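> Before I ask anything, let me first share the structure, which is written out below as structure tokens.
The values are calculated or read from the model by the stated rules, or taken from the named source; none is laboratory data. Quick caveat, the model's predicted, so the values are computed rather than measured. Glycine also receives a Cβ, built like all others from the backbone with ideal geometry; neighbour counts cover every protein chain displayed.
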């Protein structure tokens, strides 16, 4: 079957037992603190680099998913969730406690480049300081913010001051260095090409980009705090829709559902899993269509044909989703243990509508290829620009179409199966180019794969025995997972690995809820793609990354 | 011509092709029912203000301004199927200096509020604002967030609120058309001083926080101060 990986032979992917890992790390391990998803090793705060380097180089843990930080009564803690790109079911958590009065921990940035932003976020929201970090500043909140909002003694009512620094006219003399003759240029935060409220601080050398620094946080809506103040059963589920709001709602809901269901040990009925799989893939089509639409806008210009075509297809798939869930954008359709209601009645009508939609792709994809990919101007703008080599992509923790466009064969739907994906016949799409064009091609081909998945789901749902249409498992009214259980679970969202880390403290609300956003890691690769290129290529690279700021900033 | 004779138009000298074409409907390139109703007269009598307001309401340029989830529905409103341009207000302009109407489509957070105020200030008068979604009304689902401004109206004046999370495109169309009606009737929300203003740092009242930040912020730098304790 297509889901088997041909290349899983190298030594790195050999699975090691937790005890073997502990033996490998030797004296570095001071304690064990296992999580539900992975063994956890507690290490001293000054041995972070050594530990991670050992795991990366000798055991093949080459993917730092996320750094989740939190404050306890008696200590601070950073957790490095490591995985393998070759087999994401092999996980290990490195737990680094830091002193309550003077929380300093060694930075992992020299080992995993992606730790840069993750540790800045931990510093910003929790207040842990990272030694040896290249640039430890606030990342989400304004520079002048007082206090660390997710730390324990934070006072939400204190006044704050945000600045609007006057960016000097870039043409003024003092921005021109006598030798290099560079110029500073702001792109955003209000700019049509930034896909939301993103601010790019760009330094130009002539027409070329000498340096670009994404400045984020313009949509930091305290999502983690909102989740931490909601109860597991019902109050958290509406929020995931609003992380990646490009209609990818069900994919996000699944991320929370998967983590919470594994945490509370809930088994989801198969029928509900098929409905989930179908809904999620509809969302993926809608999300990729918007990526395609806005990318074509960035490359081709104003509100033009391609945008309208793609929005038209989105309207069609949104109609289906509205029939299924009752909403166009913020579905709130999943429940822990299943979905909220069954397929819409009359079912035959829904199935035939869905089939009508699925009949279109061969023609409409042809149309897109005529409009975009076989357009010479478009090819000149995208082929061989914004190149992201696979090793760099891995170092930055890139996932999703961005990683797959660089030839990194990583898709959690296949590699860490959930839902009904492993029962269905579909392919993981990869392209080796690593340029803007490849990332677009990956998305366009994934739309076709999603259509294949939906079709198989519809077939299954049509023939499902009437008395086994069980959409919900029995879930207690109030969920109180055991004290001090921790879990990190991820699903393949529209943009890549969307993971949730939850720590339960025995109450009906999570003590720590950390969102691993794929866009956050993907956006970090922008300087690698853009430096040395021309300004229009930066815009193309950003468009092909397909970031959604609601998810970057959370 | 002697001065004691009254002035009489010499009809044979008057060029009437255009007028005749209009009256007989030959050149109907520019004709319309409205045109016919006026008959041969090329003039209408109205108040200048009323005329101008009618023009403003009939042709509004929106600012291409995306913030959060609502901007996705806003894009759908501009695009096929809903097509806001049918109502004469569907061409988003990328520059605030070319725009009349700002749709605020999303949550305003501390870092963005000064920028939004700046963009609003850059729009030429008269300008109008449509607040789209619950977040611009009260902060919506994120009202409790430590970083969230409790409604866009804390920062800029808003003419029309469209509730919903997010509002459907139909709702936004309804809101925009309502705004057009109001503009055509010459109504607009009074521009008042909002709780959160952009001001120079040295103009802030001195207190503990200001003293603490004094060495980080220049005196003439623009800042916005949030009093979260007093927020609704």
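> If I go through region A:70-97 residue by residue, how many of them are touching a helix residue (DSSP H, G or I) at 6+ places or on another chain (Cβ under 8 Å) and touching a residue at least 60 places away in the same chain (Cβ under 8 Å)?
Matching residues across region A:70-97 total 8.
> Can I ask one more? For the structure I just gave you, tell me whether residue B:148 is touching a residue at least 40 places away in the same chain (Cβ under 8 Å), surrounded by fewer than 21 Cβ atoms within 10 Å (Cβ to Cβ) and either under 17 Å from residue B:56 (Cβ atoms) or touching a strand residue (DSSP E or B) at 6+ places or on another chain (Cβ under 6 Å) (or both).
Taking the combined requirement at face value, the residue does not satisfy it.
> Take residue A:61 and tell me if it is assigned to a loop (DSSP other than H, G, I, E, B) and buried (at least 21 other Cβ atoms within 10 Å of the Cβ).
It is true that residue A:61 is assigned to a loop (DSSP other than H, G, I, E, B) and buried (at least 21 other Cβ atoms within 10 Å of the Cβ).
> Next question. Could you tell me whether residue A:395 is in contact (Cβ under 8 Å) with a residue 60 or more places away in the chain, surrounded by fewer than 23 Cβ atoms within 10 Å (Cβ to Cβ) and either in contact with a helix residue (DSSP H, G or I) (Cβ under 6 Å, 6 or more places away or on another chain) or closer than 25 Å to residue A:542 by Cβ (or both)?
Criteria met by residue A:395.
> List the residue pairs whose Cβ atoms are under 6 Å apart, where the first residue sits in region A:14-27 and is farther than 9 Å from residue A:59 by Cβ, the second is outside any helix (DSSP H, G or I), and the two are 6 or more positions apart or on different chains.
So the pair list comes out as A:15/A:90; A:18/A:39; A:22/A:29.
> So, one more: Failed condition for residue A:154, given (1) out of contact with any strand residue (DSSP E or B) (no Cβ under 6 Å at 6 or more places or on another chain); (2) in the same structural domain as residue A:16 (by TED's automatic domain parsing), with all others met?
Only one criterion in (1) out of contact with any strand residue (DSSP E or B) (no Cβ under 6 Å at 6 or more places or on another chain); (2) in the same structural domain as residue A:16 (by TED's automatic domain parsing) is unmet by residue A:154, namely (2).
> What's the total number of residues in region A:253-293 that are buried (at least 22 other Cβ atoms within 10 Å of the Cβ) and free of Cβ contacts under 8 Å to residues at least 40 places away in the same chain?
So the count comes out to 1.
> Let me ask something else. Go over the candidates B:186, B:164 one by one and state the one that is in a loop (DSSP other than H, G, I, E, B), in contact (Cβ under 8 Å) with a residue 24 or more places away in the chain and either over 26 Å from residue A:218 (Cβ atoms) or not assigned by TED's automatic domain parsing to the domain that holds residue B:137 (or both).
B:186
> Take residue A:214 and tell me if it is more than 19 Å from residue A:534 (Cα to Cα) and either surrounded by 19 or more Cβ atoms within 10 Å (Cβ to Cβ) or modelled with pLDDT of 80 or more (or both).
In short, no.
> Quick one: in region B:153-172, of everything that is within 15 Å of the chain's Cα centre (by Cα) and within 14 Å of another protein chain (Cβ to nearest Cβ), which residue is farthest from residue A:332 (Cα to Cα)?
Among those that are within 15 Å of the chain's Cα centre (by Cα) and within 14 Å of another protein chain (Cβ to nearest Cβ), it is B:156.
> Would a scan of region A:229-239 turn up a residue that is within 11 Å of another protein chain (Cβ to nearest Cβ), touching a residue at least 24 places away in the same chain (Cβ under 8 Å), crowded, with 24+ Cβ neighbours inside 10 Å and not in a helix (DSSP H, G or I)?
no
> Can you tell me which residues in region B:210-225 are over 20 Å from residue B:117 (Cβ atoms) and facing chain A (nearest Cβ under 7 Å)?
Residue satisfying the conditions is B:216 alone.
> So which of A:422, A:415, A:432 ends up being without any contact (Cβ under 8 Å) to a residue 40 or more places away in the chain and assigned by TED's automatic domain parsing to the domain that holds residue A:365?
On inspection, the qualifying residue turns out to be A:432.
> Quick one: is residue B:144 farther than 15 Å from residue B:199 by Cα, within 9 Å of another protein chain (Cβ to nearest Cβ) and modelled with pLDDT under 90?
yes
> Oh, and also: Only one of (1) touching a helix residue (DSSP H, G or I) at 6+ places or on another chain (Cβ under 8 Å); (2) more than 7 Å from every other protein chain (Cβ to nearest Cβ) is not met by residue B:178, so which one is it?
Of everything listed in (1) touching a helix residue (DSSP H, G or I) at 6+ places or on another chain (Cβ under 8 Å); (2) more than 7 Å from every other protein chain (Cβ to nearest Cβ), residue B:178 misses just condition (1).
> Grab the helices (runs of 4 or more DSSP H) fully contained in region B:1-110, keeping just those with 3 or more residues being touching a helix residue (DSSP H, G or I) at 6+ places or on another chain (Cβ under 9 Å) and either within 12 Å of chain A (Cβ to nearest Cβ) or modelled with pLDDT of 75 or more (or both).
B:48-58, B:69-78
> Among (1) within 12 Å of the chain's Cα centre (by Cα); (2) part of a helix (DSSP H, G or I), which single condition is residue B:121 missing?
Condition (1) is where residue B:121 drops out.
> While we're here: Among the listed residues A:274, A:268, which satisfies the condition of being more than 14 Å from chain B (Cβ to nearest Cβ), touching a helix residue (DSSP H, G or I) at 6+ places or on another chain (Cβ under 7 Å) and part of a loop (DSSP other than H, G, I, E, B)?
Exactly one of A:274, A:268 is more than 14 Å from chain B (Cβ to nearest Cβ), touching a helix residue (DSSP H, G or I) at 6+ places or on another chain (Cβ under 7 Å) and part of a loop (DSSP other than H, G, I, E, B), namely A:268.
> Output the residues belonging to region A:148-157 that are more than 7 Å from chain B (Cβ to nearest Cβ) and in contact (Cβ under 8 Å) with a residue 12 or more places away in the chain.
Within region A:148-157, A:148, A:150, A:151, A:152 meet the criteria.
> OK, next. Can you tell me which condition residue B:134 does not meet? The list is (1) more than 8 Å from every other protein chain (Cβ to nearest Cβ); (2) surrounded by fewer than 21 Cβ atoms within 10 Å (Cβ to Cβ), and all the others hold.
(2)
> Go through region A:105-160 and report how many residues are in a strand (DSSP E or B) and surrounded by fewer than 22 Cβ atoms within 10 Å (Cβ to Cβ).
The qualifying residues number 3.
> Just checking, does region A:181-196 include any residue being in a strand (DSSP E or B), within 14 Å of chain B (Cβ to nearest Cβ), free of Cβ contacts under 8 Å to residues at least 12 places away in the same chain and within 28 Å of residue B:149 (Cβ to Cβ)?
Yes, because at least one residue in region A:181-196 is in a strand (DSSP E or B), within 14 Å of chain B (Cβ to nearest Cβ), free of Cβ contacts under 8 Å to residues at least 12 places away in the same chain and within 28 Å of residue B:149 (Cβ to Cβ).
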